[in-house]
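Asker: Handing you a structure now.
The values are calculated or read from the model by the stated rules, or taken from the named source; none is laboratory data. Predicted model, so just to flag it, every value in this text is computed and none were measured. All Cβ positions, even for glycine, are placed from backbone atoms using ideal geometry, and neighbour counts span all protein chains on display. Surface accessibility is based on the protein's heavy atoms, side chains included, excluding ligands, DNA and RNA. Shrake-Rupley method; radii C 1.70, N 1.55, O 1.52, S 1.80 Å.
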Amino acid sequence: MRKSKSKLLVCLGLVMALVLTTVAPATSMEVQAAKKATTNYNYRKAPAVKTGTTTITARPFKASNSKKKNLAIVGFVKFTAPKTATYQFTVSKVAIKGKPGTYANGCVTFYTGMGSSSSRYPKSYLKVKTQGGKTDTLYVCSSSEYKPAKITANTFITSRTATVKLKKGQVVYLDFNNGKTNTYSLTIKKK
């Protein structure tokens, strides 16, 4: 009787291990797919994004140092390179939050390094390779009937992909610049 209970427990343990190894990866993929971040006006407090796809909410922030409390149209997220490698950033699916189907556009500027303590922006622009040439800013828009004859680095298109080589630990600040609260899809992967 004891041997059969032992065998039964071992079999149940193996079945549970099999179920966990089958279900756990699928569960972790679902969690990764649901990543979200909201930009911050202060790049020093920018939320961190990692490789994978993140839905970015980029909203105009009130400038705390302005007497008129004007809206600042910049908001940052940051990415820290886990390894020295070439990384690919894809920005797409721009939309005005709460107004699906309405035309939207925005740009995403790449920076690196820490600016002075009083600086509103990081230390320097970071050039990336994209369709149409090298630039530090990606121009994206929601789908429209406008089809450019030639895509340059400054043309607004529905999806922009940029590649850049980064050193391990290097921080990249992405500045989402738009006049209304927009959402974007940001995908980062190692090439």
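Asker: Where the accessible area of the range 85-124 is counted over protein heavy atoms with a 1.4 Å probe, how much of it, in %, is carbon and sulfur? Numbers along the way, then the final one.
Answerer: Working: 1090 of 2060 Å².
About 53 percent, which is the carbon plus sulfur part of the accessible surface.
Asker: Accessible area per residue for the range 135-177 in Å², computed with a 1.4 Å probe and the full protein assembly in place, what is it?
Answerer: Numbers: 2250 Å² over 43 residues.
About 52 Å² of surface per residue is accessible.
Asker: Using a 7 Å offset from Cα along Cα-Cβ at GLN170, what residues in the range 111-130 end up with backbone N under 19 Å from the label point?
Answerer: Label zone hits: 111-115, 122-130.
Asker: Highest first, please rank the peptides 110-122, 43-55 by the mean number of other Cβ atoms sitting within 10 Å of their residues.
Answerer: Order by mean packing, descending: 43-55, 110-122.
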